[in-house]
Amino acid sequence: MPSRSRIVLLTGAAGGIGRVMTRALLRGGHCVAAVDRDAESLERLKSLCNSTERLCPIVADLSTETGCAHAIEIARERFGTIEALVNNAGIGMSVIRPDAEVSHPGIEELTPEIWDRFFAIFVRAPVIITRLTLPLMREARFGRIVNNTASYRTILRVLPSGSAKAALESMSAVWAKELEGTPITVNVLVPGGPTDTPMISDQSGWPREKMLRPEIMGPPIAWLVSDASADFNGQRVTAARWAPSLPPAEAAKRASRAIGWPELAADAVWLTGRAT
């Protein structure tokens with residue numbers, strides 16, 4: 001069955017990965033409510049896209065509940081509903097200091113204000129937006145939720161972004177299980193390593209020529225929000241492993257695994273056994 005045009009709310013739409021996703025979704029025939037806090041970057045995004053009638057740039061600060069609600073309100077005013085949600089908005093370690101990507105901040109450097117800032121974007125915003133869009137998806141009897149988290153290396157070694165992304169990964173697994181058997185799917189999409197976007201500072205120490213290209217995120221996101229991915233749920237897709245030469249369903253299968261850590265799952269079984 002050919003895929004229908006869907007209405008997608010994409011956060012962090014004007015950043016490096018967000019721009020790639022926006023253009024891929026538009027090429028796939030979808031309507032995109034492109035949310036970002038940077039108005040100038042959204043204008044540049046608009047100039048890069050030909051399908052402006054299917055693009056709705058929305059300036060919103062997702063660190064606040066009001067900003068999240070505003071983004072959804074504008075998207076509904078323009079397109080009527082929301083059928084897919086891509087939680088892609090982020091905050092880079094360079095906001096702490098330029099070299100924080102490679103010289104990780106320690107316990108004493110990370111103030112409560114820094115923790116709040118990261119968790120507001122990576123955890124609180126996805127919770128609020130998902131909660132508000134889920135009734136629209138239930139009504140449409142179609143829904144796709146895709147969360148951009150991080151590599152396991154980042155999750156286990158870098159604070160506070162790693163722990164915030166781990167929370168989003170955990171929520172993704174729980175949501176996927178809760179919505180299993182419904183027309184709504186929940187999956188995770190990650191690049192698979194450091195990616196050449198402005199979020200990584202030039203002072204980070206990472207050689208840009210060795211970074212992943214953000215363009216690798218395009219094919220997976222276009223398929224994940226489509227009708228063709230109806231039976232794909234609770235998976236973690238690594239874009240760097242996606243083979244564009246394969247049919248999308250096969251590429252997704254080869255590039256994915258169930259959300260979560262196998263070691264933790266094994267520990268849970270072992271602990272349950274001991275508890276009984």
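The values are calculated or read from the model by the stated rules, or taken from the named source; none is laboratory data. Just so it is clear, the structure is predicted and the values come from calculations on it, not from any experiment. Positions of Cβ are backbone-derived with ideal geometry, glycine not excepted, and every protein chain shown enters the neighbour counts. With ligands, DNA and RNA removed, areas are computed over all heavy atoms of the protein, side chains included. Shrake-Rupley method; radii C 1.70, N 1.55, O 1.52, S 1.80 Å.
Only sites in a loop by DSSP and with at most 15 other Cβ atoms within 10 Å count here; which GluC sites (Glu not before Pro) in the stretch 89-185 make the cut?
Sites meeting the loop and neighbour criteria: GLU108, GLU109, GLU180.
So, in nm, how far is label ARG208 from label ASP227 when the simple model puts each one 7 Å beyond its Cα toward the Cβ?
4.2 nm
Of the heavy-atom accessible surface of the chain (probe 1.4 angstrom), what whole percent is carbon and sulfur?
54 percent
Considering only protein heavy atoms, what is the solvent-accessible area of THR11 at a probe of 1.4 Å, reported in Å² to the nearest 10?
0 Å²
Distance in nm between label sites at LEU110 and ARG157, each 7 Å beyond Cα in the beta-carbon direction?
Placing both labels 7 Å along Cα→Cβ, they lie 1.5 nm apart.
Efficiency by 1/(1 + (r/R0)^6): what FRET value for ALA249 and ASN50, r their Cβ-Cβ distance, R0 = 35 Å, to the nearest 0.05? Numbers along the way, then the final one.
Numbers: r = 28 Å, r/R0 = 0.79.
Once the sixth-power term is evaluated, E becomes 0.80.
Excluding ligands, DNA and RNA, what is the solvent-accessible area per residue of the chain at a probe of 1.4 Å, expressed in Å²? Before the final figure, lay out the partial values.
On the way: 13480 Å² over 276 residues.
For the chain, the solvent-accessible area averages 49 Å² per residue.
Based on the alpha-carbon set only, what is the convex hull volume of the stretch 52-159 divided per residue, in Å³?
Value for the stretch 52-159: 127 Å³ per residue.
Evaluate 2.2 N^0.38 Å with N set to the residue count of the stretch 99-240, then give the Cα radius of gyration divided by it.
In units of the globular-protein estimate, the stretch 99-240 measures up at 1.13.
Around CYS56, which amide H atoms from residues at least 5 apart in sequence, or from another chain, sit under 5 Å from its own amide H, with H modelled in the peptide plane?
Close amide H contacts, sequence-distant or interchain: VAL32, ALA33, ALA34.
How big is the dipole moment of the stretch 7-124 about its Cα centre under a simple scheme where the beta carbon of each Lys and Arg is +1, that of each Asp and Glu is -1, and everything else is neutral? Debye, nearest 20, please.
620 debye
Where the only charges are on Cβ atoms (+1 Lys, Arg; -1 Asp, Glu), what is the dipole of the stretch 116-186 about its Cα centre, to the nearest 20 debye?
Taking the Cα centre of the stretch 116-186 as origin, the dipole is about 160 debye.
Of LEU25, SER41, THR64, whose Cα points farthest to the positive end of the dipole of the stretch 22-66 (charges on the beta-carbon: +1 Lys, Arg; -1 Asp, Glu; origin at the Cα centre)?
Towards the positive end, the residue furthest out is LEU25.
Would you kindly work out the equivalent ellipsoid of the chain from its C-alpha gyration tensor and give its semi-axes, the square roots of five times the eigenvalues, largest first in whole Å?
Working: eigenvalues 140, 116, 74 Å².
Each semi-axis is the square root of five times an eigenvalue, giving 26, 24, 19 Å.
Using only the alpha-carbon atoms of the stretch 87-150, report the extent along each of the three principal axes, biggest first, to the nearest angstrom.
Cα spread of the stretch 87-150 along its principal axes, largest to smallest: 47, 21, 14 Å.
Given 10 Å bins starting at zero, what is the percent of C-alpha pairs of the stretch 11-105 in each, up to the one with the largest pair distance?
16, 46, 26, 10, 1
Let me have the 222 nm mean residue ellipticity of the chain computed from DSSP H runs of 4+ only, each contributing -39500 (n - 2.57), with the sum over all residues rounded to the nearest 500.
So the calculated ellipticity at 222 nm is -12500 deg cm²/dmol.
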